Amino acid sequence: MIATDATSSTAGALNAVSSTFQIENADDYGVQVTGTWAGTLTFQTSIDGTNWVTTAVQPVGATTSTTWVTTTTANGIWGRPAGGLKYARVQMTAYTSGTATIVFVGTRYSK
């Protein structure tokens, strides 16, 4: 397993968007959210970097649920297969306060 790339950015306002993370060379990618914030973050992917769609991700290490989700209101780690997608990002679709830090990492498996 080889980490392909990582990026970190923040979202601290309504409709703020994390840095776009290129996942086209990854087999899987993960996203970690930390910080002191209140709001809703929506996970999104795109093939062309212009048209974004809400995308389901799965909690990593969850003790209560491994159900795929499209949004979060709390810190955590999520992952999903890249599956032909090219870009990923997180958008603050509801905002009350604070700043969320978003870190993406892509993983490629040796073949």
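None of the figures in this text is laboratory data; all of them are computed from the coordinates on show. Note that the coordinates shown come from a computational prediction; the quantities given were computed from them, not determined experimentally. Cβ sites come from the backbone with ideal geometry, for glycine too, and all protein chains shown count toward neighbours.
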Problem - Positive minus negative residues near residue 86 (Lys, Arg vs Asp, Glu; Cβ under 11 Å) - result: -2
Practice task
With a point put 7 Å past each Cα toward its Cβ, work out how far residue 25 is from residue 108 in nm, to one decimal.
Solution key: 0.5 nm
Completion exercise
Given a Förster distance of 22 Å, the FRET efficiency implied by the Cβ-Cβ spacing of residue 86 and residue 40, rounded to the nearest 0.05, works out to 0.35
Practice task
Let me know the shape class of segment 25-103, please: from the alpha-carbon gyration tensor, a ≥ b ≥ c as square roots of the eigenvalues, rounded when a/c is under 1.5, otherwise prolate if a/b is greater than b/c, or oblate.
Solution key: oblate
Completion exercise
Expected unfolding gain across residue 68-residue 93 under the 0.36 nm per residue rule, minus the alpha-carbon gap, is 7.2 nm
Problem - Pair residue 60, residue 8: separation of 7 Å Cα→Cβ label points (nm) - result: 1.5 nm
